[in-house]
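Throughout, read-outs are computed from the coordinates displayed, never taken from laboratory work. This structure is a prediction, so every number in the text was calculated from the model and none was measured. For neighbour counting, all protein chains shown are included, and Cβ atoms are generated from backbone atoms with ideal geometry for every residue, glycine included.
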Amino acid sequence: MRIALLLALPLLAQTNWPAYLGDKATAHYSPLTQINKQNVRNLKQAWSFDTGDKGEFQSNGLVIDGVLYTASPNRKVFAINAQTGQEIWQFNPANHQQGPIGRRQRGVTYWKEGPEERIFTGAGTYLYALNAKTGQPIQTFGTNGKIHLGEGVANPAPTVQINTPGVIYKDTYIVGGQTNGPGTIRAYDVRTGRLRWLFNLIPRPGEPGHETWPPEAYKTAGGASNWSGLSLDEARGIVYVPTESALPDFWGGDRPGANLFANSLVALNAETGKRLWHRQLVHHDLLDKDLPTPPVLLTVTRNGKKIDAVAQGTKNGLLFVFDRTTGHPLWDIAERPIPASQLPGEPGWPTQPVPLKPAPLTRQTYTEADASNISPTARAQTLLRIRKSGSQGAYPAPSLQERIIMPGFDGGMEWGGAAVDPDGIYYANVNEIPWIYQMIPTADPSGKPLTQGERTYKIHCAACHGFDRAGDAASGFPDIRNPKDRAQVTQIINSGIGRMPAFSALPEAQRQTLIDHLFGTEQPSNKPANPTDPPYVFGGFRRWADAEGYPAIKPPWGTLNAVDLNTGEIKWKVPLGEYPELTKRGIPPTGTENYGGPVVTKGGLIFIAASADETIRAFDKDTGKILWQAKLPFSGNATPSVYSIDGKQYVVISAGGGKSNRPSGGHIVAFALP
């Protein structure tokens, strides 16, 4: 029946959304014009679909010839009639593998040659190739339709998981992924799954960049992986790779040096994997300043000359723009001094790069002028704390003293990315929320020896789950104060789940003492601490909120921005999102924390959900004025897709909530003109 539905779709002309974020340039752009500034106010819900899952639904759905393909919050893959919202087929990876499947998948990848069509999706440590017409694994790909993403990378194979889909170049699937080992970019044959090439993001001896690490670091260091996605210049055969920080995120005493290719934009030959050029945008990262967005390819005009460029946003709200071929920056980049580390054994790095243009899209520090003004109480509280803790901006010195970090750990820009139009205008949503930064000793302040389980928890778990194990619901880190199922906890620690990596690299005995500690059954031990353990660990991800729970800073708290990359000037900035209860108090819209990205159309519109108020909006791309908005069942923490079937244009968004302490679900909602 489902296949019959697929075959029965109209065969008339259709306009697709064929790749993650619209195209391989990740431009978030649609050439459709049926929905425009004059009629967008008439948009109505066309259909909705409930995946049956609940969680952070971040998938940007593909639309190919009338079929929408998407990954649910629990990594099921659905094929849906994009005209009616009726299910065609679904694939559940839990029926094809053991162990955790993972969550927070941002999309799938489509490949076609002749009559053959495939959907590529990640689940746990595997990459699957599915028949696009039936959803069944293609048996000739790897083993029974799947390959292990760590095979051929190292021995033993590291845990590698895909949360953002890869990109297709000819008949090669190129992908990064999260990993507990050194990051890599891998290219696979789309038909067989055979590994064609591999690029080490933590260089081996003899590879460029190896000298920026200690000589043996490649054997023990982790991270520098690509979790935020890739972009591809298909004509030139260049793939652009943004990377995360090295691990551990907040202690670098055992990895002195700049640490290439962590926190870098790397251009690779898509045919061979050879490095063409790179730019490191954070040196020796100690603050989890991953490059959080896929780069965007666009064409700009400078001094009457067309330049093919690549633009990379950062968590600091900075925008770096380079010549796509040479890597030469379009505007000069200055190396600015930053505060020196106050922790013994952490050399830090003296400077960090800042582009001279465009101007930052977020405030770069927190001053008394930024104290909250939404109430006298909030203002008094925020003034008191800034005077006590102080702020050193985006790069506070590693210290045992609490500091305000601004921009915070979730940006600035985040994984939703940015949209560009053919005029060279760049549209990006950003957060303007302060967080708290502090390092903690791993030894007990009283001199009492820690148990091995306590120490392992402090080093590997407390940054996300907190030293009190209460977690952080706003960031999606669960409360683990009273775990119930030892077997389940063991499996998650061994294999990872969602954004949590596997800890299989830890010795078995160490993992067991950690589990004993979590369940309160650990026995005291007189064994000395492991000398390779870090002496200091991160004090945990903590947003700074006022007593009412609102961000402890003068609004705006989230904005949508338009930047002219022909000139480097910001065209406009407007709040994104609203707290109705504050509006009723006479406070203008403040913007909210936001996750997910925008889409810009030839019809002159920007469509974006992203905000914490369960609303999707359409903005005038020239002025930033809101022209339309509609409520969603849950927050749309994803990037919309825009497509047309039989001459009718649709806008569709994954609405799953789960961020910013909001309810979670798993709906897909489509809008069209009546």
Rg in Å to one decimal, and Dmax rounded to a whole Å, for the chain via C-alpha atoms: 24.0, 75
Cβ-derived FRET efficiency at R0 30 Å, GLU508 paired with THR192, nearest 0.05: 0.30
Segments 329-338, 146-155 sorted - mean Cβ within 10 Å per residue, highest first: 146-155, 329-338
Under 5 Å, built H, 5+ apart or other chain: amide partners of GLN352: ARG336, ILE338
Once the Cα gyration tensor of region 30-75 is diagonalised, semi-axes √(5λ) in Å: 26, 14, 10
Additional length obtainable on full extension of the chain from GLU581 to GLU368, 0.36 nm per residue less Cα span: 74.1 nm
Long-range HN-HN contacts of ASN429 with modeled amide H, under 5 Å: ASN561
Residues VAL160, VAL354, VAL77, sorted so that the one with the fewest Cβ neighbours within 10 Å comes first: VAL354, VAL77, VAL160
Residue-wise HN-Hα coupling along region 209-221, computed from phi with Karplus coefficients 6.51, -1.76, 1.60 (Hz; x: Gly, Pro): x, 4, 6, 8, 10, x, x, 9, 4, 4, 7, 10, 6
Amide hydrogen neighbours beyond the local backbone of ALA545, cut-off 5 Å, H modeled: ALA552
Loop trypsin sites (Lys or Arg not before Pro), region 563-606 (other Cβ atoms within 10 Å of the site Cβ: 11 or fewer; DSSP): ARG585
Contour minus Cα-Cα distance for GLU548 and ASP485 (0.36 nm per residue): 19.2 nm
Whole-Hz ³J(HN,Hα) from phi, Karplus 6.51 cos²θ - 1.76 cosθ + 1.60, for region 359-372, glycine and proline x: 5, x, 8, 10, 4, 9, 7, 10, 10, 4, 5, 8, 4, 4
Least to most buried among THR15, THR362, THR583 (fewest other Cβ within 10 Å first): THR583, THR15, THR362
Rounded FRET efficiency, nearest 0.05, which uses the C-beta distance separating GLU117 from ASP308 and R0 of 25 Å: 0.25
Cα centroid separation - region 117-187 against region 324-379, whole Å: 36 Å
Computed Rg/Rh of region 5-135, alpha carbon atoms with Kirkwood Rh: 0.97
Neighbour net charge for VAL563 - beta-carbon separation under 9 angstrom, K R +1, D E -1: -1
HN-Hα J in Hz across region 97-106 - Karplus 6.51, -1.76, 1.60, θ = phi - 60°, x for Gly and Pro: 7, 9, x, x, 8, x, 9, 6, 9, 9
For ILE374, net neighbour charge (Lys/Arg +1, Asp/Glu -1) across residues whose Cβ lies under 9 Å away: +1
Length gained when the stretch GLN90-GLU569 is fully extended (0.36 nm per residue, less Cα-Cα span): 167.9 nm
DSSP-defined beta bridges in the chain - what % are antiparallel, rounded to 5: 95 percent
